[in-house]
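**Student:** First the structure, then my questions, so here it is.
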Amino acid sequence: MTTRSSFQGVVGRDWRSSQPWWPPEPRATTGPNVVLIVLDDVGFAQLGCYGSDIDTPSIDRLAATGIRLANFHTTALCSPTRACLLTGRNHHRNGMGRVAELAMGYPGYWGKPPKENGYLSEILRAEGYATYAVGKWHLTPADETHMGASRSTWPLGRGFERWYGFHGGETHQFVPALFHDNHAVRPPRSVGDGYHLSEDLADHAISFIADLRAADPEKHFFLYFCTGACHSPHQAPRPWIERYGGHFDDGWDRWRERTYARQLAMGILPQGTGLSPRPPWVPAWESLSDVERQVAARFMECFAGFLSHADEQIGRLLRFLEDIGELSDTLIFVVSDNGASAEGGAQGSINDVRLMNLDPADLSEMHRRIDEIGGPLTHNNYPWGWTMAGNTPFKRWKREVHEGGVADPCIVSWGAELADSAGGIRHQFVHAIDVLPTVLELCGLEAPEEIDHVPQSRIDGTSFAYLLHPEGAREPERHVTQYFEMFGSRAIYHEGWKAVTYHPVGPLYGDGLNPNDSFDNDVWELYHVAEDLSEMVDVAAQHPDKLNDLVARWWEEAERNDVLPLDNRVLWSLVHPKPDFRAPRTVQRYFPGGAPVPEGTALDIRNRSHAVNVEIEVPADRVAQGVLVALGSALGGWSLHVLEGQLRYVHNLYGKQRHVVSAPELLAPGRHRVGFSFAKDDGPGGTVQLHTDGEVVASGVVERFTPSAFNGLGVGLTCGYEWGPAVGDGYEAPFAFNGVIIAALVEVTGPVVRDPLAELAAILSEQ
């Protein structure tokens, strides 16, 4: 910021005796462009260049021209890893001890990195880089993702100059909840027009760079490109799913064995590395029924199609860089944010929000809807047998700190700069916090002491630029100590040894064990991972002093990095979110055409008596049509709309069934007051009454009203249209109302009814 005291020109009595001066603008003159590609929930073994038979030719090409890290680590969860990548600080020091939605009132768990932990985007922008974020963000608490929220934690508030993507951990891949810079936007095309998010993200990444080059042919850029792939829902264009038809019919056990053999043959695994045994809670493929195998294979076909399709979009970006002559001068990282996900459970899931409502689809329903899996009407996630296979050869998975949760792919490519190291594999220990200091070293930059007048905290990471030269394989590792913690599971790596203890998470995605079990009862395991990378042989009994030393070291690191207090209560965090500082209200007005209001921000009507009243003007020259007020999508929600002139209410029970109440008469032209009321009964449902101008025109029963969550994909409340896919049948979103909405009011008329999640949390807290 230039002040009068820093002015270096001359100010005279008039222009004749004055000399103008302009402060120089920062402009990077050395170093490369930087592209950081972050995949989501992609396990160690799921890329072709890490042993998979899933087609990932674009990423494999980067590996062939660069190096692969075979001992790269993350935090075991997405938001925390992303914070590490962008700041170079440990995740608890970033306030990201868990995902942003599960923030708690402690320094290590506030859900938003502090300003003293500067982002790579902030550093590079100050050095003259153009800075762009495309895709998943997930570094903003859920209650700050609406249009009335502060933008301080959004990408443009943390050093990025442009952003196109989505908040939260996941979104619908065919109808995503999108944001452009600081506002919500609709997808540019519909499902019927062939829209898919991965393609849209690549389009915007390319256009951002093209816009820069049209204005400035030489300015360096930093692109943070984060796909939705391969987080659930595993949705992909049908041809990409069909290319894997029958490919996984042999099952996860044989797939895992073949992948393990390829990993050994290509040198990704050191010779002598064992294949961890299949855990007892994962059934042998041969023990499954024919129906179970068909459903499980379909789930994996969708995942593979999703990943290969995303790889093709990465390839489009690379081809564009090559076309403009900049691929060789672009430093590219490809990482995944954690191990493969087991959140689909033992059999898989066709709608993850049903898990939050404690009503998962059974096998017969999934088999009946098998052709829908991977399409816009499912929120699918594969069974944990495929999770185990995706993390070959390691134990456990995402959210846990055995290697299956924290060991991930990392590829570095930099054109001719790495020609002598091309195709190399490095086995030294590296962590996500090491990416930022590596980028700075390769760009010839120092970490700043201040950013925007905010003194900066220490950087925890260690540059691994030393691994990139041809002799890097023989270099001693420099990152020698690293703690891990996620939901109470803990580990520490130190000089080739790893101590680790598993603690079950609170129920919802865990195994249902009491979350209040004492952490003091946890059993620590010890592995000499320098020789036993897959944690096969627990040597705790043989080396008690080594184990005690490592456990003590873990507690020291925990104190130093804001890890405490330990807390594994996932369910408790969901039903006890951070305080809402808005004034309490029982009535909320919504406005036609406005941005979606996130479900957690909108007036809470879940499983309680409520009413919706809308004043409208029906056109005289056409039959009334369109949505008045709605929340959610085909995967769950509710909608008050007019269909072919008839007022209609649809309650969509998380995609399982629809309850429909429709008025028999057409709405006449002119002004009307229409709406519905829902009266909660003593059981799981209640009665709906539709009314027009004060008269009840239809009624019906909703046997089970949505108890815990309408929709898990960021589709909030809308007025005058739906986001899509449509909550009800007989129309397609957005289905905008063709009349005039004068006022739309949502009102709660009954007490909060404790939902099943809260009931379960209360029961467990009393144990």
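The values are calculated or read from the model by the stated rules, or taken from the named source; none is laboratory data. Since this is a predicted model, take the numbers as computed values, not measurements. Methodologically, a virtual Cβ is constructed for each residue, glycine included, from the backbone with ideal geometry; neighbour enumeration extends over all protein chains shown.
**Student:** Among the residues of region 332-355, what is the count of those that are over 17 Å from the mean Cα position of the chain (by Cα) and either among the aromatic types (Phe, Trp, Tyr) or outside any loop (DSSP other than H, G, I, E, B) (or both)?
**Tutor:** Applying the first criterion (over 17 Å from the mean Cα position of the chain (by Cα)) to region 332-355 yields 332-333, 345-350, 354-355.
Add one more test, that the residue is either among the aromatic types (Phe, Trp, Tyr) or outside any loop (DSSP other than H, G, I, E, B) (or both), and what stays is 332-333, 349, 354-355.
Of the residues in that region, 5 qualify.
**Student:** Which condition does Ser79 not pass, out of (1) under 20 Å from Trp397 (Cβ atoms); (2) part of a loop (DSSP other than H, G, I, E, B), if it passes all the others?
**Tutor:** (2)
**Student:** Kindly provide the set of residues from region 397-445 that are in contact with an Asp or Glu (Cβ under 7 Å, 6 or more places away or on another chain), in a loop (DSSP other than H, G, I, E, B) and acidic (Asp, Glu), ordered by number.
**Tutor:** none
**Student:** While we're here: So, in region 366-384, exactly how many residues are surrounded by fewer than 24 Cβ atoms within 10 Å (Cβ to Cβ), in contact (Cβ under 8 Å) with a residue 12 or more places away in the chain and over 12 Å from Ala296 (Cα atoms)?
**Tutor:** Within region 366-384, residues that are surrounded by fewer than 24 Cβ atoms within 10 Å (Cβ to Cβ), in contact (Cβ under 8 Å) with a residue 12 or more places away in the chain and over 12 Å from Ala296 (Cα atoms) number 5.
**Student:** Where in region 548-657 are the strands (runs of 3 or more DSSP E), entirely inside, with at least 2 residues that are in contact with a Lys or Arg (Cβ under 6 Å, 6 or more places away or on another chain), over 22 Å from Glu732 (Cβ atoms) and not polar (S, T, N, Q)?
**Tutor:** Details: elements: 587-590, 610-618, 626-633, 636-643, 646-653.
Answer list for region 548-657: 610-618.
**Student:** Go through region 306-331 and count every residue that is of a type in the set (A, V, I, L, M) and part of a strand (DSSP E or B).
**Tutor:** If we filter region 306-331 for residues that are of a type in the set (A, V, I, L, M), which is where we start, we get 307, 310, 314, 317-318, 321, 324, 327, 331.
Those still in the list that are part of a strand (DSSP E or B) too: 331.
Going through region 306-331 one residue at a time, the tally reaches 1.
**Student:** Still on this structure: So Ser289 passes all but one of these: (1) out of contact with any Leu (no Cβ under 6 Å at 6 or more places or on another chain); (2) among the hydroxyl-bearing types (Ser, Thr, Tyr); (3) in contact (Cβ under 8 Å) with a residue 24 or more places away in the chain. Which condition number does it fail?
**Tutor:** (3)
**Student:** Taking the criterion of being within 30 Å of the chain's Cα centre (by Cα) and modelled with pLDDT of 95 or more, would at least one residue in region 572-580 satisfy it? Spell out how you get there, then give the answer.
**Tutor:** Narrowing region 572-580 to residues within 30 Å of the chain's Cα centre (by Cα): 572-580.
Now restrict to residues that are modelled with pLDDT of 95 or more: none.
There is no residue in region 572-580 that is within 30 Å of the chain's Cα centre (by Cα) and modelled with pLDDT of 95 or more.
**Student:** Considering only region 446-472, state which residues are surrounded by fewer than 18 Cβ atoms within 10 Å (Cβ to Cβ) and in a loop (DSSP other than H, G, I, E, B).
**Tutor:** Result: Glu446, Ala447, Pro448, Glu449, Asp452, His453, Ser457, Arg458, His469.
**Student:** As an exercise: evaluate Phe222 against (1) exposed (fewer than 15 other Cβ atoms within 10 Å of the Cβ); (2) in contact with a Ser or Thr (Cβ under 6 Å, 6 or more places away or on another chain) and give the number of the one condition it does not meet.
**Tutor:** (1)
**Student:** Give me the pairs: first residue in region 630-646 and of a type in the set (D, E, K, R), second residue buried (at least 24 other Cβ atoms within 10 Å of the Cβ) and modelled with pLDDT of 95 or more, beta-carbon distance under 9 Å, and six or more apart or on different chains, which are they?
**Tutor:** Glu644/Ala624
**Student:** Within the bounds of region 373-385, is there any residue that is under 21 Å from the mean Cα position of the chain (by Cα), assigned by TED's automatic domain parsing to the domain that holds Phe222, part of a helix (DSSP H, G or I) and small (Gly, Ala, Ser)?
**Tutor:** no
**Student:** I would also like to ask the following. Of everything in region 149-179, what is within 25 Å of Asp41 (Cβ to Cβ) and outside any loop (DSSP other than H, G, I, E, B)? Give them in sequence order. Write out each step before concluding.
**Tutor:** Narrowing region 149-179 to residues within 25 Å of Asp41 (Cβ to Cβ): 153-155, 158, 160, 163-179.
Scanning region 149-179 gives Pro155, Trp163, Tyr164, Gly165, Phe166, Leu178, Phe179.
Quick grid of which residues meet (1) over 30 Å from Glu372 (Cβ atoms); (2) buried (at least 17 other Cβ atoms within 10 Å of the Cβ); (3) of a type in the set (Gly, Ala, Ser):
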{"site": "His247", "(1), (2), (3)": "no, no, no"}
{"site": "Leu275", "(1), (2), (3)": "yes, yes, no"}
{"site": "Ala284", "(1), (2), (3)": "no, no, yes"}
{"site": "Asp311", "(1), (2), (3)": "no, yes, no"}
{"site": "Arg319", "(1), (2), (3)": "yes, no, no"}
{"site": "Gly339", "(1), (2), (3)": "no, yes, yes"}
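Residue-by-condition table, conditions (1) under 26 Å from Phe464 (Cα atoms); (2) buried (at least 24 other Cβ atoms within 10 Å of the Cβ):
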{"position": "Arg89", "(1), (2)": "yes, yes"}
{"position": "Asn117", "(1), (2)": "yes, yes"}
{"position": "Gly128", "(1), (2)": "yes, no"}
{"position": "Lys136", "(1), (2)": "yes, yes"}
{"position": "Pro141", "(1), (2)": "no, no"}
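**Student:** What pairs come out if I take residues in region 423-451 that are outside the structural domain of Gly159 (by TED's automatic domain parsing) and modelled with pLDDT of 95 or more and pair them with residues that are in a loop (DSSP other than H, G, I, E, B) and surrounded by 24 or more Cβ atoms within 10 Å (Cβ to Cβ) whose C-beta lies under 8 Å away, six or more apart or interchain?
**Tutor:** Going by the 8 Å Cβ cut-off, there are no qualifying pairs.
**Student:** So which pairs qualify, if the first residue must be in region 532-547 and of a type in the set (Asp, Glu), the second must be surrounded by fewer than 13 Cβ atoms within 10 Å (Cβ to Cβ), the Cβ gap must be under 9 Å, and the two must be at least 6 apart or on different chains?
**Tutor:** Asp532/Gly272
**Student:** Restricting to region 176-190, name every residue that is aliphatic (A, V, I, L, M) and surrounded by fewer than 17 Cβ atoms within 10 Å (Cβ to Cβ).
**Tutor:** Step one: list which residues in region 176-190 are aliphatic (A, V, I, L, M), which gives 177-178, 184-185.
Within region 176-190, just Val185 meets the criteria.
**Student:** Go over the candidates Arg61, Arg89, Arg93, Arg82 one by one and state the one that is closer than 21 Å to Gly404 by Cα, in the same structural domain as Ala419 (by TED's automatic domain parsing) and modelled with pLDDT of 95 or more.
**Tutor:** Arg82 is the lone residue from the list that is closer than 21 Å to Gly404 by Cα, in the same structural domain as Ala419 (by TED's automatic domain parsing) and modelled with pLDDT of 95 or more.
**Student:** Could you list, in sequence order, the residues of region 589-614 that are surrounded by fewer than 16 Cβ atoms within 10 Å (Cβ to Cβ), at pLDDT 95 or above and closer than 20 Å to Ser677 by Cα?
**Tutor:** Arg589, Phe591
**Student:** Inspect all residues belonging to region 593-611 and state whether any of them is more than 26 Å from the chain's Cα centre (by Cα) and free of Cβ contacts under 8 Å to residues at least 60 places away in the same chain.
**Tutor:** Checking region 593-611: not a single residue is more than 26 Å from the chain's Cα centre (by Cα) and free of Cβ contacts under 8 Å to residues at least 60 places away in the same chain.
**Student:** Right, here's the next one. Select, from Ala214, Ala202, Ala236, the only residue that is of a type in the set (A, V, I, L, M, F, W, C) and in a loop (DSSP other than H, G, I, E, B).
**Tutor:** Working: Ala214 fails: in a loop (DSSP other than H, G, I, E, B); Ala202 fails: in a loop (DSSP other than H, G, I, E, B).
The match here is Ala236.
**Student:** Tyr654 versus (1) more than 32 Å from the chain's Cα centre (by Cα); (2) crowded, with 20+ Cβ neighbours inside 10 Å: which is the lone unmet condition?
**Tutor:** So Tyr654 meets the others, but not (1).
**Student:** Please go through (1) closer than 19 Å to Ala70 by Cβ; (2) surrounded by 21 or more Cβ atoms within 10 Å (Cβ to Cβ) for Arg258 and return the number of the only condition it doesn't satisfy.
**Tutor:** Every condition holds for Arg258 apart from (2).
**Student:** Residue by residue through region 546-595, note down the ones that are within 15 Å of Ala103 (Cα to Cα) and of a type in the set (Asp, Glu). Break it down stepwise before answering.
**Tutor:** Initially, region 546-595 is screened for residues within 15 Å of Ala103 (Cα to Cα), giving 562-580.
Asp562, Asp567, Asp580 - these are the residues of region 546-595 that are within 15 Å of Ala103 (Cα to Cα) and of a type in the set (Asp, Glu).
**Student:** I've got another one for you. Filter region 191-218 down to the residues that are closer than 16 Å to Arg316 by Cα, charged (D, E, K, R) and surrounded by fewer than 19 Cβ atoms within 10 Å (Cβ to Cβ) and list them by number.
**Tutor:** Correct list: Glu199, Asp203.
**Student:** Pull up region 700-719, narrow it to residues that are outside any loop (DSSP other than H, G, I, E, B) and within 11 Å of Trp638 (Cα to Cα), then point me to the one that is nearest to the chain's Cα centre (by Cα). Lay out the reasoning, then the answer.
**Tutor:** Going through region 700-719, the residues outside any loop (DSSP other than H, G, I, E, B) turn out to be 700-702, 717-719.
Adding the requirement that they be within 11 Å of Trp638 (Cα to Cα) leaves 717-718.
Values: Leu717: 21, Thr718: 23 Å.
So, considering only residues that are outside any loop (DSSP other than H, G, I, E, B) and within 11 Å of Trp638 (Cα to Cα), the one nearest to the chain's Cα centre (by Cα) is Leu717.
**Student:** Let me ask something else. Looking at region 603-638 only, could you name the residues that are in contact with a Pro (Cβ under 6 Å, 6 or more places away or on another chain) and either in the same structural domain as Val175 (by TED's automatic domain parsing) or closer than 29 Å to Ala361 by Cα (or both)?
**Tutor:** Going residue by residue through region 603-638, those that are in contact with a Pro (Cβ under 6 Å, 6 or more places away or on another chain) are 607, 618, 620, 633-634.
Selection gives Asn607, Ser633, Ala634.
**Student:** How about region 239-265: which of its residues are without any contact (Cβ under 8 Å) to a residue 40 or more places away in the chain and assigned to a loop (DSSP other than H, G, I, E, B)?
**Tutor:** Result: Asp250, single match.
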